[in-house]
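To keep things clear, I will list the structure first and then write my remarks on it.
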Amino acid sequence: MLAVFSEWPSGKVGFDISIVSMEECKTKSYTDVINEYKPYKKKELWKRLESNVCEYCGTKSENPCRIFTIRRLKELRDEPWAEPMRAMRRKTLVVCPTCYNLILYSRSIKRND
């Protein structure tokens, strides 16, 4: 089924919106055809976040996981938390709150040195 816009008969102003079958679309001429709405698949990041599994320590967290992000993959140094990011080739890492604080603390110490 498709939603189509067709011009009204002469004498009227505007457009008519109707739902028609594919066969009818092929036989009649319509001004514009709009395909049926198809919902998008869930993105990979949402799936990773909803699983509630820490990608750094591997535990299933009771608290909601957080997403740790970096600007560029070039920023990854020889830190242990960077290994899963390199392996997945992603700038995001879904981590439990404990690991999130650990990563932030280790980054702040390196910046101050």
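Coordinate-derived values only; no laboratory data. Keep in mind it's a predicted model, so treat the numbers as computed, not measured. No Cβ is skipped: glycine too gets one built from the backbone with ideal geometry, and neighbour counts run over all protein chains shown.
Fully extended, how many nm does the chain gain between MET88 and THR59 (0.36 nm per residue separation, minus their Cα-Cα distance)?
8.6 nm
Can you give me the distance in nm between label points at LYS47 and TYR105, each placed 7 Å from the Cα along the Cα-to-Cβ direction?
Spacing of the two 7 Å Cα→Cβ label points: 3.4 nm.
Return the distance in nm (one decimal) between the two label points of a simple spin-label model at THR98 and LEU73, each offset 7 Å from Cα along Cα→Cβ.
So the two model labels end up 3.0 nm from each other.
Please rank TRP46, TRP81, fewest neighbouring Cβ atoms within 10 Å first, as an exposure proxy. Can you show the working numbers first?
On the way: TRP46 10, TRP81 19.
With the sparsest Cβ surroundings first, the list reads TRP46, TRP81.
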